[in-house]
Amino acid sequence: MNIGLIGAGAIANFLLQQLNEKQQNDLRISSIYVRNKEKYEELEHQFGITLFTELDAFLESDIDLVVEAATIEAVQALVPTILKQKPVVLISIGALADEQLLQQLNELAIQYNHDLYLPSGAIGGLDLLQNAHALGTVKEVSLTTRKPAYSLIDQEINEAQVIFEGTARGAIRKFPKNMNVSIVLALASIGFDKTKVCLVADPHIDQNIHQVDIIGDFGEATFIIKNNPLPQNAKTSYLAAMSILGTLQRINDKLIIGG
């Protein structure tokens with residue numbers, strides 16, 4: 001499978017190293033869409049890819065699927081056009097808190113028969129959550145996220161501090177680069193305005209720690225995930241990057257586990 005990337009940041013570099021250097025499972029990145037070609041020219045030589053600055057030319061290149069690894073703004077501007085021509089793996093899931101965009105992408109995916117994949121990112125348990133909500137009987141979903149203080153706020157603090165408490169919709173609006181996990185939880189269950197979120201800046205930790213609590217007719221479940229940072233970028237979760245790799249591997253496989 002030939003993959004096209006939107007963006008060339010830390011996650012893109014992780015995928016290039018894993019897929020192009022290690023040649024995993026017949027998956028290969030062949031094209032990357034960027035705004036500044038000169039800035040990333042070294043990638044062409046290092047990984048054997050082609051850089052594009054024009055979206056039409058990028059989509060006409062030899063790619064089977066597009067991975068968005070950029071920003072919420074890139075999703076808004078580019079993905080509706082891309083989904084008309086290619087399946088998409090969406091990383092900036094926070095963009096889908098815009099229900100008008102969510103509806104548009106869902107309709108395009110149906111109309112053009114192109115799947116839209118949402119990796120689980122820095123958390124786990126989405127299969128259990130979706131199964132538990134198959135009859136619409138999950139009653140409560142809450143997420144408590146603790147992150148190193150420097151990754152969330154500029155000022156120095158000596159003790160852990162709650163910097164947000166509210167809904168998934170409010171969390172992604174206030175912290176668009178930090179709370180994608182709240183949106184994928186909401187999409188998998190009871191929605192943006194019922195999924196509860198607490199975000200804590202903690203000066204004493206160097207991991208991102210997510211606790212997911214679920215209550216419903218099925219019973220109760222709690223997941224605690226402690227994420228190490230991506231070696232290439234301390235502000236990116238290692239598990240978030242690996243979840244994209246795992247999603248691509250499952251798309252390419254015929255044996256589907258879980259779900």
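Just to be sure I understand the curve: with the Debye formula and one point per C-alpha of region 6-104, what is log10 I(q)/I(0) at q = 0.13, 0.20, 0.25 Å⁻¹?
Debye curve over Cα of region 6-104, log10 I(q)/I(0) at q = 0.13, 0.20, 0.25 Å⁻¹: -0.44, -1.03, -1.47.
Relative to the present Cα-Cα distance, how much length would full extension add between I257 and Y112 at 0.36 nm per residue of separation?
49.5 nm
Taking a probe of 1.4 angstrom, what is the accessible area of Y238 in Å², to the nearest 10?
Surface accessible to solvent at Y238 totals approximately 80 Å².
Measuring from the lowest to the highest alpha carbon on each principal axis, how far does region 176-259 reach, largest first, in angstroms?
Principal extents (Cα only, largest first): 41, 34, 22 Å.
Using 0.36 nm times the number of residues separating K194 and L102, minus their current alpha carbon distance, what extension gain do you get?
Contour length minus the Cα-Cα distance gives 31.4 nm.
What FRET efficiency comes out for the pair D206/K22, r = Cβ-Cβ distance, R0 = 30 Å, nearest 0.05?
0.65
As a check on your grasp of the helix formula, calculate [θ] at 222 nm for the chain: sum -39500 (n - 2.57) over DSSP H runs of n ≥ 4, divide by the residue count, round to the nearest 500.
-9000 deg cm²/dmol
Where nothing but the Cβ of Lys and Arg (+1) and of Asp and Glu (-1) is charged, how large is the charge dipole of the chain around its Cα centre, in debye to the nearest 20?
The calculation lands at about 280 debye.
Give me, ordered by chain and number, the residues 5 or more places off I29 or on other chains with an amide H under 5 Å from its own placed amide H.
Under 5 Å from the amide H of I29: I3, N20.
Ranked by accessible surface with a 1.4 Å probe, highest first, in what order do K177, K22 come?
Accessible-area ranking of K177, K22, largest first: K177, K22.
Between N233 and E44, how many nm apart are label points set 7 Å from Cα along the C-beta direction?
Distance between label points: 2.3 nm.
Can you tell which of G9, L101, I214 lies farthest toward the positive end of the dipole of the chain, using +1 and -1 charges on the Cβ of basic and acidic side chains (Lys, Arg; Asp, Glu)?
I214
Tell me, what HN-Hα J-couplings in whole Hz come from the Karplus equation 6.51 cos²θ - 1.76 cosθ + 1.60 at θ = phi - 60° for each residue of region 45-62, using x for Gly and Pro?
6, 6, 10, x, 10, 10, 8, 10, 10, 10, 4, 4, 5, 4, 6, 7, 6, 7
Using only C-alpha positions, report the orientation-averaged shadow area of the convex hull of region 43-161, nm², one decimal.
11.6 nm²
Using 7 Å Cα-to-Cβ label points, what is the S61/D154 separation (nm, one decimal)?
Label at S61, label at D154, 3.7 nm between them.
Using a simple charge model, +1 on the beta-carbon of Lys and Arg, -1 on the beta-carbon of Asp and Glu, nothing else, what dipole does region 168-230 show about its Cα centre, in debye to the nearest 20?
340 debye
Sorted by mean Cβ packing within 10 Å, highest first, what order do the peptides 110-122, 81-93 take?
81-93, 110-122
From the phi angles alone, apply the Karplus equation (6.51, -1.76, 1.60; θ = phi - 60°) to region 111-116 and give each ³J(HN,Hα) in whole Hz, x where the residue is Gly or Pro.
4, 9, 6, 10, 5, 10
Radius of gyration and Dmax for region 116-165's Cα atoms, expressed in Å?
For region 116-165, the Cα radius of gyration and maximum Cα-Cα distance read 15.9, 46 Å.
Å³ per residue of the Cα convex hull, for the chain?
132 Å³
Keeping all protein chains in place and using 1.4 angstrom, which order do D154, D206 fall into by accessible surface area, from largest down?
Largest accessible area first, the residues go D154, D206.
Over all alpha-carbon pairs in region 86-216, figure out the percentage whose distance exceeds 21 Å.
Percentage above 21 Å: 43.
The values are calculated or read from the model by the stated rules, or taken from the named source; none is laboratory data. These numbers come from a predicted model, not from an experiment. Neighbour counts run over all protein chains shown; Cβ positions are idealised from the backbone, glycine included. For the accessible areas, the whole protein counts, side chains as well, though only heavy atoms, and no ligand, DNA or RNA atoms are used. Shrake-Rupley method; radii C 1.70, N 1.55, O 1.52, S 1.80 Å.
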